[in-house]
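The values are calculated or read from the model by the stated rules, or taken from the named source; none is laboratory data. Since the structure is predicted, the reported quantities are computational estimates derived from the model, not experimental observations. Neighbour counts are summed over all protein chains in view; Cβ atoms, including those assigned to glycine, are modelled from backbone coordinates with ideal geometry.
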Amino acid sequence: MNGAVSTIQKGIARTCIMGACLIVAGCGNSIVERQDEVVASALPYDSVPCDTLFMHRDTLAAQYGLPLDARPVFVRQPYGMGPLTPDVRSERRRKAEAARGEIDAMNRSLTRRKCVEPAPVLPQ
């Protein structure tokens, strides 16, 4: 009986340690926290001239292979697990998601100011 109790206690201890490790793994590096960071404000772009902002947006979209109407993407997490789930995305993916947030902010500024996109230059 003493051996069975010891085995149960070891199992409980391992479960507690694994749970604590999961919580610590998500602290400061949770996917929810990182996803919230990519949502950018459009207000800083209101002082940028429209043509410059269009050019910056197009360059950023081309750099990461994103559409011009890119918006931040949020991964669904089980209820209550978001802050505990570590962000294991690659650095390239994180930068692309941040670019999505910037592109969305630029588009909101352009829309609010009613900027008209310049016509594409056709080769002659």
**Prompt:** When you go through (1) at pLDDT 90 or above; (2) part of a helix (DSSP H, G or I) one by one for ASP36, which number turns out not to apply?
**Reply:** (1)
**Prompt:** For the range 72-102, which residues satisfy the criterion of being modelled with pLDDT of 80 or more and either in a loop (DSSP other than H, G, I, E, B) or over 12 Å from the mean Cα position of the chain (by Cα) (or both)?
**Reply:** PRO72
**Prompt:** Restricting the range 64-76 to residues that are under 13 Å from GLU102 (Cα atoms) and of a type outside the set (Lys, Arg), which is surrounded by the most Cβ atoms within 10 Å (Cβ to Cβ)?
**Reply:** ALA70
**Message:** I'm told MET18 meets every condition in (1) over 19 Å from ARG94 (Cα atoms); (2) in a helix (DSSP H, G or I); (3) under 20 Å from the mean Cα position of the chain (by Cα); (4) modelled with pLDDT under 75 except one. Can you identify the failing condition by its number?
**Reply:** (3)
